[in-house]
Amino acid sequence: MILVLFGPPGAGKGTQAKLLEEKFSIKQLSTGDIFRGHIKNQTKLGKKVKSILDSGNLVPDEVVVEVVVDAVSKDEFKNGYILDGFPRTVNQAEQFDAFLAENNMKVNACIGLEVPNEELKKRILSRGQDRTDDTPEKVAVRLQVYEKETSPVMAYYKSTGIFSSINGVGTVEDIFNRICAELT
């Protein structure tokens, strides 16, 4: 199974991905984690990504798609995976679908976590991950960027018939149960 977890920053994608990873015995792939690893290790990519994220913007599509394709081509992802934080633009979704089609694969489901903006801001500012983009000003920019550039991805996946919207407010367990009900 190839599953896309979709939603704005703070929607709970990472939390739910870890639970789904265990339930379905497939690996989570978080582009955010990959990029944070590069930033922490101060690689060339990490320095570039850090300056982009510090301004509240998204990493260019071609860089993100290349990183994801490279990652999912590894043996640990051969049985399927959960994409957390990817794709973030229609261009990324189209490029990734083209890669999958070339390899006789496809995204099986896209789950969108719906959470009101005030709740998102509260969650992000309370998570305390020492992220340079978790300030009230940068959170506001990230949510604006999401609305402008990322939310059209919902329409893309809706047009393919694999998109399901899930209420992302409630206990972690309640949200997990809602997701599982959509996947089974």
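Restricting to helices (runs of 4 or more DSSP H) lying wholly in the range 1-63: which have 3 or more residues that are at pLDDT below 90 and out of contact with any strand residue (DSSP E or B) (no Cβ under 9 Å at 6 or more places or on another chain)?
Values: elements: 13-24, 31-40, 44-54.
So the answer is 31-40, 44-54.
Give the residue, chosen from N104, N79, N91, that is in a helix (DSSP H, G or I) and either more than 16 Å from the chain's Cα centre (by Cα) or under 21 Å from N57 (Cα atoms) (or both).
On the way: N104 fails: in a helix (DSSP H, G or I); N79 fails: in a helix (DSSP H, G or I).
Within the list N104, N79, N91, the selection yields N91.
Do we find that R88 is surrounded by 17 or more Cβ atoms within 10 Å (Cβ to Cβ), on the phi < 0 side of the Ramachandran plot, in contact with a Leu (Cβ under 8 Å, 6 or more places away or on another chain) and not β-branched (V, I, T) in this structure? Don't jump to the end; show me each part of the working.
Numbers: surrounded by 17 or more Cβ atoms within 10 Å (Cβ to Cβ): yes; on the phi < 0 side of the Ramachandran plot: yes; in contact with a Leu (Cβ under 8 Å, 6 or more places away or on another chain): yes; not β-branched (V, I, T): yes.
Spelling it out, R88 is indeed surrounded by 17 or more Cβ atoms within 10 Å (Cβ to Cβ), on the phi < 0 side of the Ramachandran plot, in contact with a Leu (Cβ under 8 Å, 6 or more places away or on another chain) and not β-branched (V, I, T).
Return the residues of the range 160-170 that are small (G, A, S) and either surrounded by 15 or more Cβ atoms within 10 Å (Cβ to Cβ) or touching a strand residue (DSSP E or B) at 6+ places or on another chain (Cβ under 7 Å) (or both); say none if nothing qualifies. Working first, answer last.
As a first pass, look at the range 160-170 and keep what is small (G, A, S): 161, 164-165, 168, 170.
S164, S165, G168 - these are the residues of the range 160-170 that are small (G, A, S) and either surrounded by 15 or more Cβ atoms within 10 Å (Cβ to Cβ) or touching a strand residue (DSSP E or B) at 6+ places or on another chain (Cβ under 7 Å) (or both).
I'm trying to understand the selection: among the residues of the range 137-151, which are of a type in the set (A, V, I, L, M) and in contact with a Lys or Arg (Cβ under 7 Å, 6 or more places away or on another chain)?
Of the range 137-151, the ones of a type in the set (A, V, I, L, M) are 139-141, 143, 145.
Residue satisfying the conditions is V139 alone.
Which condition from (1) at pLDDT 90 or above; (2) assigned to a helix (DSSP H, G or I); (3) under 14 Å from the mean Cα position of the chain (by Cα); (4) not hydroxyl-bearing (S, T, Y) is the one that V67 breaks?
Here V67 meets the rest and fails (1).
Listed here are the residues, each with its yes/no results for (1) in contact with an Asp or Glu (Cβ under 6 Å, 6 or more places away or on another chain); (2) surrounded by 13 or more Cβ atoms within 10 Å (Cβ to Cβ); (3) more than 21 Å from F24 (Cβ to Cβ); (4) modelled with pLDDT of 95 or more.
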{"residue": "D75", "(1), (2), (3), (4)": "no, no, no, no"}
{"residue": "K78", "(1), (2), (3), (4)": "no, no, no, no"}
{"residue": "I124", "(1), (2), (3), (4)": "yes, yes, yes, no"}
{"residue": "T135", "(1), (2), (3), (4)": "no, yes, yes, no"}
{"residue": "V172", "(1), (2), (3), (4)": "no, no, no, yes"}
{"residue": "C180", "(1), (2), (3), (4)": "no, yes, no, yes"}
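Given the criterion crowded, with 16+ Cβ neighbours inside 10 Å and hydroxyl-bearing (S, T, Y), identify the matching residue among T43, T31. Explain how you work it out, then say what you get.
On the way: T43 fails: crowded, with 16+ Cβ neighbours inside 10 Å.
Only one candidate passes the filter, namely T31.
Just the residues that are touching a residue at least 40 places away in the same chain (Cβ under 8 Å) and either crowded, with 19+ Cβ neighbours inside 10 Å or among the aliphatic types (A, V, I, L, M) (or both), please, taken from the range 98-122.
L100, M105, V107, A109, C110, I111, G112, L113, V115, L120
The values are calculated or read from the model by the stated rules, or taken from the named source; none is laboratory data. All figures in this text were calculated on a predicted structure; none of them were measured in a lab. Note that each Cβ is placed from the backbone with ideal geometry, even for glycine, and that neighbours are counted across all protein chains shown.
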